[in-house]
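The values are calculated or read from the model by the stated rules, or taken from the named source; none is laboratory data. None of the values given here were measured: they were computed from a predicted structure. FYI the Cβ positions are ideal-geometry reconstructions off the backbone, even for glycines, and counts take in every protein chain you see.
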Amino acid sequence: MECPICQKLKENKNKIYEDELVTAFLKDKSASPGHIILAPKKHAPIIENYDDKIVSHIFVIANKLSSILFETLQIHGTNILVNNGLAAGQDVPHFHLNIIPRMENDSLKLDWTPKQLAEDEMKTAELKLTQFTGNVGNAKQQKTETIEVKEAETIGNGDEDEEENYLIKHLHRIP
Amino acid sequence: MQEKIKNMSPEELKEFQKQQCIFCHIVSGKVPSKKIYEDNKCIAILDINPANIGHILLLPKEHYMIMPQVPDEIMAHLAIISKQLSNTCLKAFQCQGTNIFVANGLVAGQKAQHFMIHVIPRFDGDDLNFTLPENPLTEAQLKQIRDMLRQKVSALMGFKIEEKTPLPTQTQETANPVEPIINTKDEIDKTIDKIEKGAEETEKILERLSGKKEAETTPEKKKEKANLDDISKLFS
Ligand SMILES: [Zn+2]
Ligand SMILES: [Zn+2]
């Protein structure tokens with residue numbers, strides 16, 4: 001079965017915007033009226049599969065489309081949401097941004113109850129993360145423009161590649 | 001205080017906002033935080049009220065209240081760093097997913113007056129839920145929204161979908177009534193220019209975000225002050 005997003009990208013019916021890299025269309029089954037799906041034309045499951053050029057472009061376009069929603073629909077807010085991986089609520093195996101118009105007293109719940117973490121839990125989280133952030137922000141000029149599905153963002157050392165591939169594969173498990 | 005705010009110049013107001021903004025103090029180091037990443041444009045810290053363990057807030061160092069104010073160059077950079085932080089979460093916590101989330105405006109759940117991107121680690125069976133409802137729109141609703149958005153997108157971003165009247169004999173499947181004109185890189189750049197000129201639009205958006213009614217007509221001079229005044233009240 002073809003990916004539903006790839007399918008939608010071919011149709012023009014609800015298309016709002018398109019350029020060389022990305023396409024945006026209006027969702028007919030929407031979180032709120034005016035809900036836009038913005039997706040790269042190239043098919044891949046998660047954000048980690050895409051090079052920096054596409055990732056930066058798609059967020060810049062999302063910002064513009066969000067502003068256009070404000071100007072057009074008399075709304076009071078927008079959410080930008082990426083559900084990255086099945087556990088995060090991803091329903092289609094094609095990376096995309098949801099741009100969601102918000103109104104006062106709409107019925108949407110995109111909130112959470114803050115977790116009360118102890119200082120040592122916070123400290124542990126900090127340490128775990130900073131172990132892997134050494135190369136964040138560095139490698140961005142070296143990216144090639146072709147995207148392979150298995151190619152993951154290279155942060156950290158080479159010996160983590162196996163683990164990373166495992167994680168990426170794990171995330172790909174979307175029905 | 002109200003009186004003082006009203007008499008400020010726009011520059012003074014921006015400075016005032018920064019002084020009131022806890023995240024600007026975090027950026028400058030006056031307020032301590034658990035810093036995960038930093039470069040000359042942005043800083044990533046742990047949220048002290050996390051949705052899940054490892055919940056990261058990615059902030060531009062410059063003070064922008066909402067996303068429409070964020071310049072493309074900064075937005076592009078934040079996007080790349082978000083991707084890398086998402087990947088960092090996958091590795092650090094062996095989690096099964098991430099949410100990348102932005103709230104623009106109080107009704108969207110924006111709690112701080114400093115624009116930020118949330119990167120939230122997700123675990124199978126955790127208690128968070130970002131599943132979006134799927135309420136069907138009628139064909140008439142869709143058409144109305146589509147037409148309005150297309151008009152604005154065409155004016156601001158140069159992308160145009162031209163509706164051709166389908167021949168009566170054609171079926172819905174074969175008609176293909178719409179021909180997209182695909183943007184080139186140049187056109188994208190032009191678009192960006194156009195939108196950057198839309199600064200007044202941003203001001204209008206700010207007003208709406210702060211809960212100020214569209215219908216209220218304030219004299220031009222007072223507008224910005226009143227608006228920022230409102231916002232500072234709402235966020236305090
Ligand atoms: Zn696809
Ligand atoms: Zn600030």
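Only one of A:Ile54, A:Ile68, A:Ile75, A:Ile61 is in contact with a helix residue (DSSP H, G or I) (Cβ under 7 Å, 6 or more places away or on another chain) and either more than 7 Å from every other protein chain (Cβ to nearest Cβ) or under 25 Å from B:Gly125 (Cβ atoms) (or both). Can you tell me which?
Numbers: A:Ile54 fails: in contact with a helix residue (DSSP H, G or I) (Cβ under 7 Å, 6 or more places away or on another chain); A:Ile68 fails: either more than 7 Å from every other protein chain (Cβ to nearest Cβ) or under 25 Å from B:Gly125 (Cβ atoms) (or both); A:Ile61 fails: in contact with a helix residue (DSSP H, G or I) (Cβ under 7 Å, 6 or more places away or on another chain).
After applying the criteria, what remains is A:Ile75.
Starting from the stretch B:18-41, take each residue that is closer than 11 Å to B:Lys61 by Cα and list its partners that are part of a helix (DSSP H, G or I) and away from ligand 2 (no atom under 13 Å from the Cβ), counting only C-beta distances under 7 angstrom and pairs at least six apart or across chains.
B:Lys41/B:Ile74; B:Lys41/B:His77
Give me the residue from the stretch A:25-40 that is assigned to a strand (DSSP E or B) and touching a helix residue (DSSP H, G or I) at 6+ places or on another chain (Cβ under 6 Å) and, out of that set, farthest from the other protein chains (Cβ to nearest Cβ).
Initially, the stretch A:25-40 is screened for residues assigned to a strand (DSSP E or B), giving A:25-26, A:29-30, A:36-40.
Still in the running and touching a helix residue (DSSP H, G or I) at 6+ places or on another chain (Cβ under 6 Å): A:25-26, A:36, A:38-40.
Numbers: A:Phe25: 9, A:Leu26: 5, A:Ile36: 8, A:Leu38: 12, A:Ala39: 14, A:Pro40: 12 Å.
Only one residue fits best here, namely A:Ala39.
Return only the number of the condition from (1) within 15 Å of ligand 2 (Cβ to nearest atom); (2) in a loop (DSSP other than H, G, I, E, B) that B:Ile48 does not satisfy.
(1) is the only condition that B:Ile48 fails.
Out of all the residues in the stretch B:63-73, is one or more in contact with a Cys (Cβ under 7 Å, 6 or more places away or on another chain), at pLDDT 95 or above and crowded, with 22+ Cβ neighbours inside 10 Å? So that I can check it myself, show each step before the final result.
Filtering the stretch B:63-73 down to residues in contact with a Cys (Cβ under 7 Å, 6 or more places away or on another chain) leaves B:63.
Now drop any that are not at pLDDT 95 or above, which leaves B:63.
Now drop any that are not crowded, with 22+ Cβ neighbours inside 10 Å, which leaves none.
Within the stretch B:63-73, not a single residue is in contact with a Cys (Cβ under 7 Å, 6 or more places away or on another chain), at pLDDT 95 or above and crowded, with 22+ Cβ neighbours inside 10 Å.
Which condition number does B:Met116 fail, the rest of (1) closer than 26 Å to A:Gly89 by Cβ; (2) within 9 Å of chain A (Cβ to nearest Cβ) being met?
It is condition (2) that B:Met116 fails.
Quickly run through the stretch A:40-95 and pick out the residues that are buried (at least 24 other Cβ atoms within 10 Å of the Cβ), of a type in the set (Gly, Ala, Ser) and within 16 Å of ligand 1 (Cβ to nearest atom).
Residue satisfying the conditions is A:Gly85 alone.
Give the stretch B:23-43 a look and list any residue that's away from ligand 2 (no atom under 15 Å from the Cβ) and within 21 Å of A:Asn138 (Cβ to Cβ), or say none. Give the derivation first.
Of the residues in the stretch B:23-43, the ones away from ligand 2 (no atom under 15 Å from the Cβ) are B:32, B:34-40.
Matches in the stretch B:23-43: B:Lys35, B:Ile36, B:Tyr37, B:Glu38, B:Asp39, B:Asn40.
State whether the residues of the stretch A:105-120 include one that is more than 27 Å from B:Phe123 (Cβ to Cβ) and either surrounded by fewer than 22 Cβ atoms within 10 Å (Cβ to Cβ) or within 8 Å of chain B (Cβ to nearest Cβ) (or both).
yes
Return yes when B:Ile81 is closer than 23 Å to A:Gly134 by Cα, without any contact (Cβ under 8 Å) to a residue 60 or more places away in the chain, within 16 Å of ligand 2 (Cβ to nearest atom) and out of contact with any helix residue (DSSP H, G or I) (no Cβ under 7 Å at 6 or more places or on another chain) and no when it is not.
Working: closer than 23 Å to A:Gly134 by Cα: yes; without any contact (Cβ under 8 Å) to a residue 60 or more places away in the chain: yes; within 16 Å of ligand 2 (Cβ to nearest atom): no; out of contact with any helix residue (DSSP H, G or I) (no Cβ under 7 Å at 6 or more places or on another chain): yes.
Criteria not met by B:Ile81.
Please indicate, with yes or no, whether at least one residue in the stretch A:78-90 is more than 16 Å from ligand 2 (Cβ to nearest atom), of a type outside the set (Gly, Ala, Ser), within 23 Å of B:Ala155 (Cβ to Cβ) and more than 7 Å from chain B (Cβ to nearest Cβ). Can you show your working first?
So in the stretch A:78-90, the residues more than 16 Å from ligand 2 (Cβ to nearest atom) come out as A:78-90.
With the extra rule that they be of a type outside the set (Gly, Ala, Ser), the set shrinks to A:78-84, A:86, A:90.
Pick out the ones that are also within 23 Å of B:Ala155 (Cβ to Cβ) and you get A:78, A:80.
Checking the rest, the ones that are also more than 7 Å from chain B (Cβ to nearest Cβ) come to none.
Checked the stretch A:78-90: no residue is more than 16 Å from ligand 2 (Cβ to nearest atom), of a type outside the set (Gly, Ala, Ser), within 23 Å of B:Ala155 (Cβ to Cβ) and more than 7 Å from chain B (Cβ to nearest Cβ).
So if I check each of B:Phe130, B:Phe159, B:Phe93, B:Phe123, which one is closer than 22 Å to A:His57 by Cβ and either away from ligand 1 (no atom under 16 Å from the Cβ) or not aliphatic (A, V, I, L, M) (or both)? Don't jump to the end; show me each part of the working.
Working: B:Phe130 fails: closer than 22 Å to A:His57 by Cβ; B:Phe93 fails: closer than 22 Å to A:His57 by Cβ; B:Phe123 fails: closer than 22 Å to A:His57 by Cβ.
Criteria check complete, one pass: B:Phe159.
List pairs: first residue in the stretch B:94-116 and among the aromatic types (Phe, Trp, Tyr), second residue within 16 Å of ligand 1 (Cβ to nearest atom) anywhere in the structure, Cβ distance under 9 angstrom, at least six positions apart or on different chains.
These pairs meet every condition: B:Phe101/A:Val82.
Please indicate, with yes or no, whether at least one residue in the stretch B:107-124 is away from ligand 2 (no atom under 16 Å from the Cβ), surrounded by fewer than 20 Cβ atoms within 10 Å (Cβ to Cβ) and under 23 Å from A:Glu121 (Cβ atoms).
So far as the stretch B:107-124 goes, yes, one or more of its residues are away from ligand 2 (no atom under 16 Å from the Cβ), surrounded by fewer than 20 Cβ atoms within 10 Å (Cβ to Cβ) and under 23 Å from A:Glu121 (Cβ atoms).
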